[in-house]
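Only the coordinates and a few stated rules stand behind these numbers; no lab work does. Only a predicted model underlies this, so the values are computations on that prediction, with no experimental measurement involved. With ideal geometry, Cβ positions are generated from the backbone for all residues, glycine too; neighbour counts draw on all protein chains shown.
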Amino acid sequence: MSSDDDGVHGHIECRLGALLAERDMTMTELSRRTGITMANLSILKNNHAKAVRMHTLVLICEALKVTPGEILVLKPGAQADQ
């Protein structure tokens, strides 16, 4: 469903890459700390995820010591890459 079909004109952006850089942490280290595969972390980091399990979000929040709102931000008016 496109954003035009559902009346939504923004998208959710995952700030995982920026948060890792701020903490000087690698994806490998985050994967080790959380047990989340590198492939799944990469999908999130590159904003290709269609959904995120709550458990996954909790693990990332705990490892990075952040809240969900610091990882996922709403970008109103911007079109998501299809």
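Summary value for the stretch 17-75: 33 percent relative contact order, contacts being C-alpha pairs under 8 angstrom separated by 6+ residues.
So for the stretch 17-75, Kirkwood radius off the Cα pairs, Stokes-Einstein at 37 °C and 0.692 mPa s: how many µm² s⁻¹? Estimated via Stokes-Einstein, D reaches 284 µm²/s.
Database remark: amide H of His11 closer than 5 angstrom to the amide H of Lys75, Gly77, Ala78 (H placed geometrically; neighbours at sequence offset of 5 or more, or on other chains; Pro and chain starts carry no H).
Per-residue Karplus couplings for the stretch 28-35, computed as 6.51 cos²θ - 1.76 cosθ + 1.60 with θ equal to phi - 60°, are listed in order as 4, 5, 4, 4, 5, 6, 9, x Hz, Gly and Pro entered as x. Taking other C-beta atoms within 10 angstrom as a stand-in for reagent exposure, Cys61, Cys14 fall in the order Cys61, Cys14, fewest first. Ordering Lys75, Lys50, Lys45, Lys65 by the number of other Cβ atoms within 10 Å of each residue's own Cβ, fewest first, gives Lys50, Lys65, Lys75, Lys45.
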